[in-house]
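J.: A single structure is presented below for examination.
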Amino acid sequence: MSINHAPLKQLQQALILPGAQLVTEKLIQEQLTLWLLSLPDSELTLDTQAIGAFWQRLPYWAFAWAGGRALAQWIVANPDAVAGKKVLDFGCGSALVGIAAAKAGAAEVWVADLDDHALQAAAENAALNGVKVWPVKGEWPQVDLLLASDVLYDISSSADLKQLMLSIPDWILAESRFVAPDFVELDCLHSMVSSTLPVIGDFDEAVEVEIYCRAGQSRLT
């Protein structure tokens with residue numbers, strides 16, 4: 001699919017790395033399609049400054065991260081966990097998880113991210129999959145279920161996440177770099193090995209991801 005309208009052109013320009021493109025990729029296990037980063041086949045010659053700029057401004061929204069893929073796959077296997085619910089995809093990135101929830105029958109899907117490009121990518125990816133997601137701008141919406149992946153590696157840095165985990169009655173988190181919060185107890189629903197797309201060297205090619213819920217929540221595994 002070609003990039004032929006303004007929002008996708010803006011996202012393309014935000015990739016930073018010379019020769020990088022956005023391309024559509026089918027994620028078979030997740031049963032959806034995303035706009036993802038594609039690197040040129042030929043080797044790039046970059047100076048130290050260019051490499052540093054890329055990693056400091058990494059377009060997280062142009063990757064399908066291992067934790068998000070694991071959670072999306074879990075949702076595909078357990079659609080009743082989201083069906084009919086109002087859902088918040090926190091730190092959405094590409095909105096992989098939120099889109100999986102929408103396709104599984106969520107009544108309403110909200111997406112939140114600090115990066116405006118991520119919210120833009122979320123809208124484009126949702127449209128690509130024939131679903132709708134709503135960007136959070138301002139107050140947090142009233143939802144039934146919080147979904148997030150790879151957010152507990154430093155929970156002390158996110159007051160918003162702590163507030164949401166305490167106020168939203170139900171949540172499911174996928175974690176590969178895990179620091180247990182001290183204000184709630186967790187149960188592990190499922191463990192699996194996942195990977196990040198696109199593959200860059202051996203980065204995140206085989207990651208052990210665990211799916212967590214609030215301790216005592218009852219759901220399918």
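J.: Can you tell me how much longer the chain between residue 24 and residue 177 gets when fully stretched, taken as 0.36 nm per residue apart minus their C-alpha distance, in nm with one decimal? List each step's numbers first, then the result.
T.: On the way: separation 153, 0.36 × 153 = 55.08 nm, distance 2.78 nm.
Working it through step by step, the gained length comes to 52.3 nm.
J.: Across the chain, where is the longest run that never hits GluC sites (Glu not before Pro) in a DSSP loop with at most 15 other C-beta atoms within 10 Å? List each step's numbers first, then the result.
T.: Details: sites that count: 43, 139, 185, 205.
Longest run free of exposed loop sites: 44-138.
J.: Could you work out how much longer the chain between residue 167 and residue 128 gets when fully extended? Use 0.36 nm per residue separation minus the Cα distance between them, nm to one decimal. Intermediate results must be reported in sequence, preceding the final value.
T.: Working: separation 39, 0.36 × 39 = 14.04 nm, distance 3.19 nm.
Extra length from residue 167 to residue 128 when fully extended: 10.9 nm.
J.: How long are the semi-axes of the ellipsoid equivalent to the chain, from square roots of 5 times the Cα gyration tensor eigenvalues, in whole Å, largest first?
T.: 28, 19, 17
J.: Oh, and also: With runs of 4+ DSSP H residues as the only contributors, calculate the mean residue ellipticity of the chain at 222 nm using -39,500 (n - 2.57) per run, divided by the residue total and rounded to the nearest 500. Don't skip to the end; give the middle numbers.
T.: Values: 6 runs with 59 residues, N = 221.
Using -39500 (n - 2.57) per qualifying helix, the result is -8000 deg cm²/dmol.
J.: At a 1.4 Å probe radius, carbon and sulfur cover how many percent of the accessible area of the chain? Walk me through the numbers on the way to the answer.
T.: Details: 5430 of 10960 Å².
Roughly 50 percent of what the probe reaches on the chain is carbon or sulfur.
J.: Tell me the label-point distance for the pair residue 12, residue 159, using the 7 Å Cα-to-Cβ offset, in nm and rounded to one decimal.
T.: 4.1 nm
J.: Still on this structure, please answer the following. Per residue, what accessible area does the chain have, given a 1.4 Å probe and all protein chains present, in Å²? Mind dumping the intermediate values first?
T.: Values: 10960 Å² over 221 residues.
With all protein chains present, the chain gives 50 Å² per residue.
J.: Shifting gears a bit: So between residue 115 and residue 76, what do we pick up on full extension, going 0.36 nm a residue minus the alpha carbon distance? Walk me through the intermediate numbers first.
T.: Values: separation 39, 0.36 × 39 = 14.04 nm, distance 2.67 nm.
Length gained, residue 115 through residue 76: 11.4 nm.
J.: Would you work out the relative contact order for the chain, in percent, from Cα pairs under 8 angstrom that are 6 or more residues apart?
T.: Numbers: 434 pairs, mean separation 41.1, N = 221.
Dividing the mean separation by the residue count of the chain yields 19 percent.
J.: Taking 7 Å along the Cα-to-C-beta vector as the label spot, tell me the residue 200-residue 217 distance in nanometres, rounded to one decimal.
T.: Once both label points are built, they end up 3.0 nm from each other.
The values are calculated or read from the model by the stated rules, or taken from the named source; none is laboratory data. Note that this is a predicted model, so its numbers are computed, not measured. A quick note on method: Cβ atoms are made from the backbone with ideal geometry, for glycine too, and the neighbour counts reach across all protein chains shown. With ligands, DNA and RNA removed, areas are computed over all heavy atoms of the protein, side chains included. Shrake-Rupley method; radii C 1.70, N 1.55, O 1.52, S 1.80 Å.
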